[in-house]
1. Of the residues Gln78, Gln30, only one is within 16 Å of ligand 1 (Cβ to nearest atom) and over 29 Å from Gln200 (Cα atoms); which?
2. Pairs needed: first member in the stretch 436-450, within 13 Å of Gly420 (Cβ to Cβ); second member anywhere, modelled with pLDDT of 95 or more and acidic (Asp, Glu); C-beta distance under 6 Å; at least 6 residues apart or different chains.
3. Can you name every residue in the stretch 74-100 that is part of a helix (DSSP H, G or I) and free of Cβ contacts under 8 Å to residues at least 24 places away in the same chain?
4. Enumerate the pairs (first residue in the stretch 326-355 and more than 19 Å from Thr370 (Cβ to Cβ) and away from ligand 2 (no atom under 16 Å from the Cβ); second residue anywhere and modelled with pLDDT under 95 and assigned to a helix (DSSP H, G or I)) with beta-carbon separation below 8 Å, excluding pairs fewer than 6 apart on the same chain, so at least 6 apart or on different chains.
5. If Ala111 satisfies all but one of (1) part of a helix (DSSP H, G or I); (2) in contact with a strand residue (DSSP E or B) (Cβ under 9 Å, 6 or more places away or on another chain); (3) small (Gly, Ala, Ser), what's the number of the condition it fails?
6. Search the stretch 425-449 for residues being within 16 Å of ligand 2 (Cβ to nearest atom) and of a type in the set (A, V, I, L, M, F, W, C), and hand back the single one that is farthest from Arg210 (Cα to Cα).
7. Name the one entry in Cys418, Cys363 that is free of Cβ contacts under 8 Å to residues at least 60 places away in the same chain, under 17 Å from the mean Cα position of the chain (by Cα) and within 15 Å of ligand 1 (Cβ to nearest atom).
8. Would you mind finding the one in Ser112, Ser85 that is more than 26 Å from Gln241 (Cβ to Cβ) and surrounded by fewer than 19 Cβ atoms within 10 Å (Cβ to Cβ)?
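The values are calculated or read from the model by the stated rules, or taken from the named source; none is laboratory data. Here the structure is a predicted model, which is why all the values come from computation and not from measurement. When we count neighbours, we look across all protein chains shown, and the Cβ atoms used for this are built from the backbone with ideal geometry, even at glycine.
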Amino acid sequence: MAGNSSSPAPVAASAAPWHPAAWKGLPASQLPTWPEGAALEAARAGLAGLPPLVFAGEARKLTDALADVSRGRAFILQAGDCAESFAEQGADQIRDKLKVILQMAVVLTYASGVPVVKIGRIAGQYAKPRSSLTERVGDVEMPAFRGHIINDDAPVPAARVPDPNRMVTAYHHAAATLNLLRAFTNGGFADLSHVHAWNQEFLASSAEGRRYEAIAEEIDRALRFMRACGVDLSAGAPIHQVDFYTSHEALLLDYEEMLTRRDSLSGDWYDCSAHMLWIGERTRELDGAHVGFLAGVHNPIGVKLGPTATPAEAVALCEVLNPEKIPGRLTLICRLGVAKVTSLLPPLIRAVTDRGHPVVWECDPMHGNTFTSENGRKTRHFDDVLGEIRGFFAAHKAEGTWPGGVHVELTGDDVTECLGGVEDILEEQLPLRYTTTCDPRLNARQSIDLAFRVAELLRG
Ligand code: PEP
Ligand code: CO
């Protein structure tokens, strides 16, 4: 991109050509202070020598799919862990997470007739911004856990020391995860004729599981009908594989910088750590390092907007992050909270629409609805999650804009981290299976239930 006159660099504030290392000259929040010594440079050099995880052409394909969303022709399902864990990345766990996302996508597509763009918070979601730099465990005050790419979650101060070598470990975890995802999504597992096999046992016996099973049966019947009519469903048909994209918060800029490569076809820079990257609520300062960094990569990108985001800030972010108004380039991920979405979202939509910015509007109904239960667990209530999505749909209906998608934290495991849902998880049940390393996730039953509810909103 630098020096490429046909595609001017969308730089943040200065006129200097954008470069992957330019963020270092900008004020940065939420970055660790690495220990003194050679380890940081060694890790950065190690990453620079490793192959890209995703390719520019794949990122461009996602931008095109998101451009369809910005035009109201498709819907995004972005989902996965709050924080992926180095300790819990076995094949079964990755497969079960993928199963739930595929199931939700089937429910959404079948029940609404709208194509679904599937994006995981996966294969790179290892860095966490924190409201507080320290936490108290018992009587001991220690540095906060910041994600496995930075430190360890064990509740002892020594584990919390940032270790740059974890960036290289994270790369290898991401590569292994992505390799499995590519095999699952292209190698037959995601074939629509396996739609029954994605229903896990504990799920299949529940009301949501049975409701899913009914859709799966109808899909089976439709496929049999098409075959009987002579429709060619052999190897090349699109029902045999899915496009599944990866995403994470571009928080740890040492890691993102070293995976940013120049595309040999276009000459443009792409952050090849994931297809889509987003800027978090705590790092979206206009003249800050995170905005400055993502302004220059050509991937599709997102930015979170919390309740303090003003319409003027939203417009300014659009101007810095997508000055050429490329459809699909920028997704505004609103996480306003159930109580505020109705009042705060319409002015944001109006300001951005009035300036002609072709953004994708996405609802993150998780991060504005987190609270600590009486037994000290961070949690969210299913009704608040659904309530914020309803408010998001209502605001878009009133403004004549398209509610482009949802961004949720979930797992394929049978956890008890979020309250409510059809199984009505209660506060006293939270400790039963509370395994997240960061924020509470919807379990598989709550996730499928949510997909049915969102499909109803889409149909309406
Ligand atoms: C997250 O997505 O896990 C997160 C920290 O979100 P936010 O930046 O919106 O608080
Ligand atoms: Co989170």
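1. Gln30
2. The qualifying pairs are Pro440/Glu417.
3. Asp92, the sole residue that qualifies.
4. none
5. (2)
6. So the residue we want is Cys438.
7. Just one listed residue meets the conditions, Cys363.
8. Selected residue: Ser85, the only one of Ser112, Ser85 that is more than 26 Å from Gln241 (Cβ to Cβ) and surrounded by fewer than 19 Cβ atoms within 10 Å (Cβ to Cβ).
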